[in-house]
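So the structure is just underneath, and the comments pick up after that.
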Amino acid sequence: MSIDLNFWKYKENAVHDHAAIYQMACCDGKRMEELEALPIDEILKKISIVFFDWTIQGYGKDFEKEGHGAFQIFTTPQIVRFDCYGMQEDDMNMLMDILIDFGCPLYDPQIATRFDSWTDR
């Protein structure tokens, strides 16, 4: 089973249109005026630290571990998307926790929900 996990941070006072951001920024890779720039290098470094015991390839964007599944990372300066394959819930939760530390809540396109009640919206 595959699932994608998507993360971004809105600029202050920006209109929140999660579905449009998901499609244009996370799927099409377009720059969006409503979104903040993210510290992508810092985020990738944190992921590689947390998942140090996984096999890492693809310039630090492809991760795999026997019995745990795999994930690929797609980034632009404004979004982070994980394409997860056969992953355990605990491992996906670790990915979510990393992005929460950077102020980016999860958007789950499978249920069209952004888990951002803790933000200032």
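Since every read-out is calculated from the coordinates, none of them should be taken as a lab result. Just so we're clear, the structure is a prediction, and the values are computed from it rather than from any experiment. Methodologically, a virtual Cβ is constructed for each residue, glycine included, from the backbone with ideal geometry; neighbour enumeration extends over all protein chains shown.
Results, tabulated for the structure shown:
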item: Per-residue HN-Hα couplings for segment 58-70 [Karplus 6.51, -1.76, 1.60; θ = phi - 60°; Hz; x = Gly/Pro]; result: x, 6, x, 10, 10, 10, 8, 8, 3, x, 10, x, 8
item: Long-range amide H partners of Trp54 with built H, under 5 Å; result: none
item: Virtual spin-label span in nm between Lys46 and Asp17, 7 Å along Cα→Cβ; result: 2.9 nm
item: Magnitude of the charge dipole, the chain, Cβ model with Lys/Arg +1 and Asp/Glu -1, debye to 20; result: 300 debye
item: Sequence-distant lysines (8 or more away, or on other chains) whose Cα lies within less than 22 Å of Lys65; result: Lys45, Lys46
item: Largest-first principal axis extents, alpha carbons of the chain, Å; result: 43, 28, 27
item: Lysines whose Cα lies under 19 Å from that of Lys30, excluding same-chain neighbours fewer than 8 positions away; result: Lys9, Lys11
item: Distance from segment 62-118 to segment 25-44 (C-alpha centre basis), Å; result: 14 Å
